[in-house]
Structure formats: C-alpha cells, structure tokens
C-alpha cells in the first residue's frame, strides 16, 4: 500500500523516483495505528520511536530544529515590522506555538515595493544581468534547496501539518525541479521577427513586466513560493511575495537562500502577513505591475477588482475547484480506486485540485464504493513526522470547523456516510477519512469546495450525462478520467471544461506542463512555457527600412 | 492608425481616386442576433449623425440588458458542444473569414462611404486605410485558423502530455467610434479564427458599418448566433456585457477610465478574461541626427491623423535641443497647410471631430495649454462651418507638468517639448501612467536600440509612425491596457489552454495497469 502511496506522490509533483524506490520498500514496517486500531494512548506513539533512518533508510526530520528566520526580508536584509506586531505560528499537529514572525502590513509592503522598483530600474545590476546569468542564479538556488532539503521539509511539515515524507519527496522535489526548469528557460525567452507588409523591419521583445506582487496559500507553501518566483525571476522581474500567515517559515528560509545564491538586493522581498492587510496592500498598490494569487475564488475576485480599482496591474489567479473524477466501467478498477482515493485525500484533502466529485459508472458503482471505503479505512492518521502515517491534521481550527460543518450538511442532505465523518483523536485538528456515497449534484458537498478529507461518490449511466454534470459548476480547474477506451478518453478530455485533464492518473502535475483554470477557477497558466507569457510584456519594435528584401 | 502596406499616412499613388457612393441607403438599422434582425426589447431607438454636417443619418434600434441577454444566449447555444460551429473544421473557419474578406472587397465603396458619413473621417482614408486594414486583418486570421497548435510536453515519468488551445466561449467585444470597422475586425477576426462566438457592441456614435458587417457575416455563411451585433450605449448594453456571467471573455477598446470599470466587473461577476486597449500619451522622440523633414512629416501625421482621434496619437513630441527651433518652424509651416474640409472630397485630409462632447473637451484642453503658458504656434480655434471642425493646432514650449502634456486630448493638437540628453528623455517619456506606443527618429543604431529597449510601451516605431500591421502585436504597457491584439500573440487572448496528461502503461503492450505489487 505504501508503495502505491509514494508512487502516486511521485506523480503528483515530479518526485525523484529512484530515490523513493530505493527506500520505500523498507518502510512498510513502519505502518502502525490505522484508523481501525486507533490506540487509546493518543496519536503520538510514533514519537516514542527513534528517528527511523537506520531502520528504514528513509530521510528523517531534523530534530530540535532551530527557527532561524522570523523577520521581514527586504532588499536582502532582515527587517522588523513597521507596526511592531508579530504573527504567532503554530504546529497544527500539536497546537503548540512554534515561533512568532514579524507581521508585514501596508508600510512594509510599500518599503518592499520601493526596493523591488529600485532593483528593477533601468541600468540596475539585475536589469543589466545576462539572461543566462539569471538562469545560473536559479540553478544555484536549486542547489541550496537540495543542500537544505531536510531542514525545509521539516519546516514545512511542522508548519503546515503535512507529512514529512510528502514534504521531502513531493514538495521539495517539485520545488527543486521547478527552479531548474525555469533556470533553463531564462535565456530562451525569445521574441520573434515578423514579416510585415511594407518597407519595415519588425521584431518583438518579451520584456519583464516589472514589480510582481505574489500572494500564496498555506497548503503547499514552499512549492507555491517556487511556482511564483521561478518564472518571475526567469523573465527578469522583481518580486514582493507574501506567504500565508499560517505558513511563513519555509518562505523565510528561502529568502536566506536567495541572498546566499547571490540574487541582487531587492530582487526578491518576502513579507509575511495577513490577506486583508498586507495582501490587500499588494493588490491595490499603484507601483506593482502584476499580481499573481493562489487561493480562494472569493479572494481572487477581490484581487481582480482591486486591479481595476487601482492601476490595471496584470492579474493571474489560481483559485478553487470542484474537480470531477470520472470512472468508467471499462477501467482498471483497482488502479482507479487507488488514484481517486489519493486524488482526494492527498495533503489531508487540502488541494485545489482535489478530485472531490467522483462520478462512477453504474455497473461498477457498488464495487467502487466498497473498495473506496475499505481503502479509506486503511488510512493511518497520526504524527506527520513519523513514516507510515498517511494523514496529518488540517491546517487550522477555521478549516477544521468548516469541514465538519460540510460533513454535517452532507448527512442532512441525505448522502450516505460510508465511513469517517468525525474528528479524530483527543487533540490536534485531525478529521477521520470520510466517504459519502449516494451523493447527488444538488447537495452542498457536491457543489462547494470542502478542502478536507471528504470523498463524494456519485453514480452516472451515460457519457453525455456525465459530461454535462461534470461541467455543471462554476469551477474548471482539473478533471480525472479512468477508461481504457481511446474514444472515450479523447472525446471526454475534449469536452471537459477544465485546464487540466488526467487520463488514468490523477494529480500528475509537472513543471513542464501548464496548470490553471477555466471559468472561475482562475485566469492564466502557471508552469511550462505558457507560464512565461504571464511574466512578460510584449513590445513590438518596427523600424523603417529603405527597401524590402525577403 | 492602421496604415497597412504602402498606403501609409495618406493618399495612394493612383491618380484616379475612388469616389464615395452618392445617396447611400442605410439598410441595416436593427439588432443582429442569430443571423436575424431584431427590434430592441425596450422599443427604444437612437439616432446617428453625420459629424460633418450635423444632419441625422438614421435611427438605430437601441440594445439594452434584455437584448444582451438574448444575444448571449444565442452565442452560447451556437458555441455549445456538438453545435455546427463547434463541429466546423478549423480550416473552414478560415474559409469563412476569407469569404467575409471577399465580401468586404465587393462592398468596399459602400463601407468606406458609410464609415465617412458616420465618423467624419476623410473618404480616402476610409477607403485605403480602414478598409485595407479590415480586409488584411480578416485574411491574416483566416490563415491562422488551422494553425492554432497545441504542444506535446516531455514530462518526467511515463505520461503522455499534450495541450489543446480551445476557444474560450462567448466573447463580448466593446469597440470605439474612431475606427469602427477596423476595430470590428480586430475583435471578431481572432475570436472567430479561434472558434469562439461573439457578442459585439459598436459605439453609439458609429453603429452603421458594424451593422452592414452583420449582413455580410450572414451572407458569408457563418452559422446563426456565432456573431451578434448590438448597437447601444456603454453604461447599459456595454455594462450588461461586462457583468454577464455567461460571457467568458470581454475585449474592450476605449478609455482607461472605462477599462478599469470593465476589469472590476469581471472581478465582481465571473472572472471573465479581460483584454483592454486603452488610452495613450505617446512620446515621439526626435534626435538631432534624424532626417528632420521626414521626422516633421511623420510626427505631424502621427498627431493629426484621423483628426487626432487615435489612441496612438503622437501627443508628446520630444525634440532634441539642437534641432528644436527648426523642427517647430517646419511643423507650424506644415500644420498651416492642412485645410479641414468635406470628408467626401478626395482632396480633404482633415475632417470634423466626432461629436460636440469631444469637440468641447478638445477646445477646453487648448485653452488650458494657453493658460498654463505653452506657446500657441498656430490653430487653436474652431473652423467656422456647420460641423465640428477644429483648426490643426501646434503648441511649442510645452512643459511636462501641463495638462496638455499629461492628458489624452484626442484631437488635432500637437505638443512639442524640448530635451537635451538621452537619459533625460527616457525618463520623461516614461513618466506617465500610459504605455501604448512611442516613436524614435534617429540615424544612429545605438540610439534607436537603446531607446526602443528603454521605452515602456507596447510598440516602438523607429523612423516611422502608425506603422500598424495585422502581423504585428499591438497593445499597452501599464495603464494603456493589457493583452495584445493582432499577430500570433492575439491568439493567446482568445484561447484557453487545456493540458491533457495520460498515464502510459508501465510495459509496452499492456494496458495502463499498475504493475507494482500491493
């Protein structure tokens, strides 16, 4: 089972397959308390074990990690907040305070933008740097992330509650690959020469936009940090980035690495803070030329509106989803059950791409539900730092409450609760893996983003019907499709209104491949060559010439 | 704007000029939905006038929210999966656009006459520039239709990954009155080329050519509902389009003020994709080593073309100190030779402004220039005829802080400023919220390339002005808008990228079963 889990994880974010492969066969031993045998002495049994490196060959978290960076990073220096306030940062697995971080507000954003603007000015070291030099810096940063991989994975796990091994293999590999991918693009951002009518010579330059404001969420703090800064820096922009208030730690460590890598002062500025204050200041700033946001559709709408209210800054948005995952009777059922399970429960269900509407074809519906429930019951909850644990806590009390509220609504609306449905354990923010069957399209759990470990399984009978139902949502982020029929695969992947369609897999995100939403799941694309378009401004230069020579 | 090809900046070489049609009968005055002509739901109509004479041309049905609802519904049905339009081969979409271009060529005299009647622009400009630009834009995008290619990506691990560039859906288009037909084609050609459906609102001042295009679109054989045309006003019909939740994208050309509202509406409603082509306060930089006579000619064409009613207007001419006096002298001399006249007369190169509101605004700006101490070299007054004519105006000794150096005038007013160094002029040229276009006149390669890199704007012309082409992307930096129209780049704005990733079997010959042991 663990083999499959890690294998799936690999497909999620560019995992180093060999590294995982070598170690994972050893780690089955570490599976312990499943839900069904939740032990009476709490969930931290795992802590009693010594770090498992000797036993298993798996990487282990850094013990007694000292949090080095808690200040605002502007112009390659560490600053106290202007307002004097600090953000308490908690470990969601224990509820314990990890540390306090300087809280950025409008004044700090203004300061950061001032330095980012200065770093972007005509003639600055950054503007005069060779494009290949920018690529080298991104590669250097990737090297440093590799060096600090264990620290960063530990930070990420204690700050977000995600599994250490997930952080180590999925988030960190994704981060490193994203940096290296865009490092390679830096000197390949090519304009065109254009055969225009008349006696002219015309070419285009793809220039950096300027100061980019970036606002990122708490579910993949480090990975989203990289998804934002890598293409921005690759194209020659400067950055003011605000990590989520729940998870500022890995971003601040990255700031230190950015300085160490040798990026000129002011090119990247990291300002921890809250959405309504620091985030608001970014969205409304008159001297920020572009804003990229990953988060909820509600906030995404505010950000677009703020661009219209202020200076028409360019906007890219990666927002929510209610992604359909369609399972046909002719598919490999075992594989589909497994992928659909991970497509929903990965990262405690806290993924914008979560496959939260599983449509299963009638003939296999009962069996699919049976196996999915069995699979969900096998999930191991517990300390995210311990190998063998499948599921950590939710990020915070607010999300925790919202998820339980949606579970209640599911029961009330008449869906069949197959397993789970309640909080788990005596402390911390854990929720039992939950499966609902007999879900109908009108229920709240079939319409709203839950962002928790709650799987909805619906029944369908015809292709036409499932296309219509799958598209009947304001969202359009991702979709999954399981079938061995080529016609179905190609017809339905064309018909689905979603920025990403996975066939016989789920969550297979990669640096090379564009990612983004149709409809209200957002605007623009991140990753891949397409990601470059969102960080460049196209300039046409037309020069009069005396005579044409084709 | 839109001098395609060799007809740049004015008259063609032919000696025998085409003539406007006499007694044009306006046949299409209704709302065009589903390839049919409709009366407005409200029963309201509005009048369109000839700005050269002030005479009413005709009444046109006035679309409002209810008509927008009807049109969007028609466009949505036309674009849904399995519809005729969605099943049309990409090459056939190209064929339809080419057919439409053929029909424009057939009706060229009629369209050019109508355009001049409705806007007041000189007939020969309409005939050679607007019509030529429209036809070329249609043919250019006709060629792209079956070349909108996705990619396959070499992703890690055993997956096959490809992208499809799909149409977005229903595209709203809101266009201005300064180039009604050309803007119509700039909007519909890339949208249709990519397989979208369109609901377009022409400006209330100039609905006639758009409505004639409705007839040609039907005649060309586009399926019903693919293009819908709704004459109406901005705050009503335009507003309804901008906030409609079934419109997947809206493209707007017009003022920065309204562009900001449209972006806000998108945020308020359904996050529809937005492209904006807005205002400009465009620097035209003349260096001491330039071919001075040519620079004078191009800079003034850039300022006065289309009665100065261009978003690309050269409204800040920066001239290097050494040649400043001479440049001003030659510019004034040239401006005095421009005689405003009847747009239908082939000798006329300068017509009336579009309406009283614009006319008043321009006169007010001229007054502010005088008040703030700029030197009025010539013009500055209305021409005493029946229409809305303004004498071509030149201001010298203009300072950066003056309103005429900061605000878009949208009239025949040339502002000439002095500069000393390259550093200084870069800084001053960029010191504006706008970033649409710029021009540089110099013989030096170093200066040309240095300036073209440093200027913050979407288009830089070197030793030319208003050299716009269907092949070339056009759009603004900063508050002049976002997104690009024309060229290959425009296709991005009318497509949604879908990534499809397929899991490959672990071993060839097998299906995609996971072979790892449980």
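Only the coordinates and a few stated rules stand behind these numbers; no lab work does. In this text, all values refer to a predicted model and were calculated from it rather than measured experimentally. All Cβ positions, glycine included, derive from the backbone under ideal geometry; neighbour counts span all protein chains shown.
Bin width 5 Å, alpha-carbon pairs only: give the P(r) of the range B:282-462 as whole percents, running from 0 to the bin holding the largest distance.
Calculated P(r), rounded to whole percents: 1, 9, 19, 22, 21, 14, 8, 4, 1, 0, 0.
Please compute the Cα-Cα pair-distance distribution of the range B:1-154 with 5 Å bins starting at 0, giving whole percents from short to long.
Final binned percentages: 2, 8, 11, 14, 15, 17, 15, 10, 5, 2, 1, 0, 0.
What is the P(r) of chain A, as percent of Cα-Cα pairs per 10 Å bin from 0?
Percent of Cα pairs in each bin: 4, 18, 28, 26, 16, 6, 2, 0, 0.
What are the semi-axes of the equivalent ellipsoid of the range B:366-518, taken as the square roots of 5 times the eigenvalues of the Cα gyration tensor, listed largest first and rounded to whole Å? Don't skip to the answer; put the middle values down first.
Details: eigenvalues 543, 80, 42 Å².
Output for the range B:366-518: semi-axes of 52, 20, 15 Å.
Using alpha-carbon positions, what is the distance between the centroids of the range B:424-464 and the range B:343-406, in Å?
The two parts, judged by their Cα centres, are 25 Å apart.
What do you get for the angle between helix A:2-12 and the principal long axis of chain A? Use alpha-carbon atoms, 0 to 90 degrees, nearest ten.
Helix A:2-12 sits at roughly 30 degrees to that axis.
Over chain B, what is the percentage of antiparallel beta bridges among all DSSP beta bridges, to the nearest 5?
On the way: 27 of 63 bridges.
Counting DSSP beta bridges with both partners in chain B, the antiparallel share is about 45 percent.
How tilted is helix B:445-454 with respect to the longest principal axis of chain B? Cα atoms for both, answer in degrees (0 to 90, nearest 10).
Helix B:445-454 sits roughly 60 degrees off the main axis of chain B.
Indicate, rounded to the nearest 5 percent, the antiparallel portion of the DSSP beta bridges found entirely in the range B:282-462. If you can, show how the numbers build up before the last one.
On the way: 4 of 22 bridges.
Roughly 20 percent of the DSSP beta bridges within the range B:282-462 come out antiparallel.
Equivalent ellipsoid semi-axes for the range B:97-233, as square roots of 5 times the alpha carbon gyration tensor eigenvalues: give them largest first, rounded to whole Å.
Values: eigenvalues 220, 47, 33 Å².
Semi-axis lengths for the range B:97-233 are 33, 15, 13 Å.
Using the count of nearby Cβ atoms within 10 Å as a rough guide to exposure, how do B:22, A:377, B:70 rank from fewest to most?
B:22, A:377, B:70
Taking N as the number of residues in the protein assembly as shown, what is its alpha-carbon radius of gyration divided by 2.2 N^0.38 Å?
0.99
Using Stokes-Einstein with the Kirkwood hydrodynamic radius over Cα pairs, what translational diffusion coefficient do you get for the range A:253-399 at 20 °C and a viscosity of 1.002 mPa s, in µm²/s rounded to a whole number?
So the translational diffusion coefficient is about 113 µm²/s.
Give the dimensionless ratio obtained when the Cα radius of gyration of the range B:239-332 is divided by 2.2 N^0.38 Å. Don't skip to the answer; put the middle values down first.
Values: Rg = 19.4 Å, N = 94, 2.2 N^0.38 = 12.4 Å.
After normalising by residue count via 2.2 N^0.38 Å, the value is 1.57.
Rg and Dmax of chain B over Cα atoms: what are they, in angstrom?
Rg then Dmax for chain B, in Å: 24.3, 92.
Label points 7 Å out from Cα along the Cβ direction at residue A:447 and residue B:449: separation in nm?
6.0
Taking each pair of distinct Cα atoms in the range A:69-223 once, what is the resulting Kirkwood hydrodynamic radius in Å?
With all distinct Cα pairs of the range A:69-223 included, I get 18.7 Å.
Using the Cα gyration tensor of the range B:31-278, with a ≥ b ≥ c the square roots of its eigenvalues, what is the shape: rounded (a/c below 1.5), prolate (a/b larger than b/c) or oblate (neither)? Don't skip to the answer; put the middle values down first.
Values: a/c = 1.80, a/b = 1.41, b/c = 1.28.
Taking the square roots of the gyration eigenvalues as a ≥ b ≥ c, the range B:31-278 is prolate.
Can you tell me what share of the DSSP beta bridges in the range A:323-511 is antiparallel? A percent to the nearest 5 is fine.
Here the share of antiparallel DSSP bridges comes out near 20 percent.
Figure the gain on full extension for residue A:146 and residue A:286 (residue separation times 0.36 nm, minus the Cα-Cα span) and round it to one decimal in nm.
46.7 nm is the gain from fully extending residue A:146 to residue A:286.
Any chance you could check the Cα centroid distance between the range A:467-537 and the range B:224-278 for me, in angstrom?
26
Angle check, please: helix B:180-193 long axis (alpha carbons) against the longest principal axis of chain B (alpha carbons), in degrees 0 to 90, nearest 10.
Roughly 20 degrees between the two axes.
How far, in nm, would the chain grow between residue B:385 and residue B:403 when pulled straight, counting 0.36 nm per residue and subtracting the alpha carbon separation?
Taking 0.36 nm per residue and subtracting the Cα distance, the gain is 3.7 nm.
Out of every Cα-Cα pair in the range B:86-137, what percent are more than 13 Å apart?
59
If each residue's Cβ is checked for other Cβ atoms within 10 Å, how do A:81, A:160 rank with the fewest at the top?
Numbers: A:81 21, A:160 31.
Result, fewest neighbours first: A:81, A:160.
Over all residues in B:268-276, what is the mean tally of Cβ atoms on other chains that come within 10 Å of each residue's Cβ?
5
For a footprinting-style exposure proxy, rank B:310, A:513 by other Cβ within 10 Å, fewest first.
Working: B:310 23, A:513 26.
Result, fewest neighbours first: B:310, A:513.
For the range B:33-107, what are Rg and Dmax over the alpha carbons, in angstrom?
According to the Cα coordinates of the range B:33-107, Rg and Dmax are 17.2, 50 Å.
Note down the nm distance, to one decimal, between modelled labels 7 Å out along Cα→Cβ at residue B:431 and at residue B:336.
Taking the simple label geometry, residue B:431 and residue B:336 are separated by 3.3 nm.
Which value, in Å to one decimal place, does the Kirkwood hydrodynamic radius take for the range A:374-511 when every pair of different Cα atoms is included?
16.7
Testing the spin-label approximation: label points 7 Å from Cα along Cα→Cβ at residue B:289 and residue A:333. State their distance in nm.
8.0
Taking every pair of alpha-carbon atoms in the range A:225-310, give the share separated by more than 17 Å as a whole percent.
Working: 1774 of 3655 pairs.
Tail of the P(r) past 17 Å holds 49 percent of the pairs.
Considering every residue in B:464-470, what mean count of other chain Cβ atoms within 10 Å of its Cβ is obtained?
Values: counts 7, 2, 1, 10, 3, 9, 2.
Mean number of neighbouring Cβ atoms from other chains: 5.
How big is the gap, in Å, between the Cα center of the range A:350-378 and the Cα center of the range B:140-178?
What the calculation gives is 33 Å, centre to centre.
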